[in-house]
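Note sheet for the following structure.
No value in this document is a laboratory result; all are computed from the given coordinates. It should be emphasised that the depicted structure is a prediction, and the values quoted were computed from it without experimental measurement. Because the Cβ atoms are built from the backbone with ideal geometry, glycine has one as well, and the counts that use them run over all protein chains shown.
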Ligand code: SPV
Ligand code: MG
């Protein structure tokens, strides 16, 4: 798979261009390759989805090295710029900068850090989402910027609305994280309507590009985000959820029907899988490199 020349530059263009951009969730090499085939220009390496695919909960049960491994496979299989969900950075400034450096080595284009502690819990689970101290979290951002500089896009994710604080707290944090060197702000909300994030965008005035994750306010047409000057929309977990639904359905039918005859039209053909992962390239390489006799 050909990689875009400079993944970080490609992600920077997606995030800073005046057009609304989209990042598709992926959680392994296969889902990354499928997103590329579908036409997405960039990927979101979702902590929730990577955790789920590894059989873990989105509560930092997967280690940072687990995440780095998966991201490397996603980069290899897709060649696309990847914004990695770095959770809260797996600790303090030191863990965060080590994570960032390793992600860069493995081909990531950016990392997103959220202003919570370690271990974090998924933003849609329960009500306990204690926020990090603003200065301490700003130190985490600065350490990442000082370590990876312009080679890795740094997105600062604000959990103030998730934690039940208001717009003022969110805006104050955005100012601090911008001053700490963030390249973009991800403002997250768990409401079923986008009023909070649109109010944030209205007040924030694009001092840095705004990234959103409309998992819960999914009914909103993207035109609303264009009108609001949002930079980037992350479809954050839908490849993983499609896999869950698809695998559950097929497993259920195979056990009930004691046969695979009926499900054949409902699963991908093997030829499709071979095409997706470039088996033809391997055949050509064998011609070139294997002895002929
Ligand atoms: C993820 O995809 O892991 C995210 C987005 O961080 S959310 O699940 O909405 O917190
Ligand atoms: Mg996450």
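So if I take the alpha carbon set of segment 47-144, get Rg, then get Rh from the Kirkwood formula, what is the Rg over Rh ratio?
Numbers: Rg = 13.1 Å, Rh = 13.6 Å.
Here the Rg-to-Rh quotient is 0.96.
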Checklist entry - So how do 146-154, 220-228 stack up, highest first, on mean other-Cβ count within 10 Å? => result 146-154, 220-228
Checklist outcome for this item: Note to self, the chain gives a 222 nm [θ] from helices alone (DSSP H runs n ≥ 4, -39500 (n - 2.57) apiece, / all residues, nearest 500) of -14500 deg cm²/dmol
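Report the Stokes-Einstein translational diffusion coefficient (µm² s⁻¹, integer) for segment 189-293, Rh taken as the Kirkwood radius over Cα pairs, at 10 °C with viscosity 1.306 mPa s.
Values: Rh = 18.4 Å.
Rounded to a whole number, D works out at 86 µm²/s.
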Checklist entry - Given labels modelled 7 Å from the Cα in the Cβ direction, how far is it in nm from residue 202 to residue 3? => result 4.4 nm
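Sorted from fewest to most neighbouring beta carbons within 10 Å, what does the list 269, 8, 16 look like?
Values: 269 10, 8 19, 16 15.
With the fewest neighbours first, 269, 8, 16 line up as 269, 16, 8.
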Checklist outcome for this item: Of 250-259, 79-88, 116-125, 271-280, ordering from highest average Cβ density within 10 Å down gives 79-88, 116-125, 271-280, 250-259
Checklist entry - For segment 102-194, how big is the tail of P(r) above 16 Å, as a whole percent of Cα pairs? => result 54 percent
Next on the checklist: Output the 0 to 90 degree angle, nearest 10, between the alpha-carbon long axis of helix 29-38 and the longest principal axis computed from the alpha carbons of the chain.
Outcome noted: 90 degrees
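Using a Förster distance of 22 Å, how high is the FRET efficiency between residue 136 and residue 65, based on the Cβ-Cβ distance and rounded to 0.05? All intermediate terms of the calculation are to be shown ahead of the outcome.
On the way: r = 24 Å, r/R0 = 1.08.
Rounded to the nearest 0.05, the efficiency is 0.40.
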Next on the checklist: Just want the ordering: 240, 74, from fewest to most Cβ atoms lying within 10 Å of their own Cβ.
Outcome noted: 240, 74
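Translational diffusion coefficient, Stokes-Einstein: compute it for segment 1-73 using the Kirkwood radius over C-alpha pairs as Rh, at 37 °C and 0.692 mPa s, and state it as an integer in µm² s⁻¹. Intermediate results must be reported in sequence, preceding the final value.
On the way: Rh = 13.2 Å.
It diffuses with D of about 248 µm²/s by this estimate.
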Next on the checklist: Can you give me the C-alpha center-to-center distance between segment 236-254 and segment 92-145, rounded to a whole angstrom?
Outcome noted: 30 Å
Checklist entry - In degrees between 0 and 90, to the nearest 10, how far off the longest principal axis of the chain does helix 93-105 point, with axes built from Cα atoms? => result 40 degrees
Item to check | Inverse of mean 1/r across different Cα pairs in segment 143-239, Kirkwood, Å | outcome: 13.8 Å
Item to check | Principal-axis tilt of helix 64-78 within the chain, Cα atoms, nearest 10 degrees | outcome: 60 degrees
Checklist entry - What is the extension gain from residue 169 to residue 281, computed as 0.36 nm multiplied by their sequence separation minus the C-alpha to C-alpha distance, in nm to one decimal? => result 35.1 nm
Next on the checklist: Taking the Cα centroid of segment 256-293 and of segment 3-35, what is the distance between the two, rounded to the nearest whole Å?
Outcome noted: 26 Å
Next on the checklist: Using only the alpha-carbon atoms, what does the chain span along each of its principal axes? Please give whole angstrom values in decreasing order.
Outcome noted: 68, 47, 37
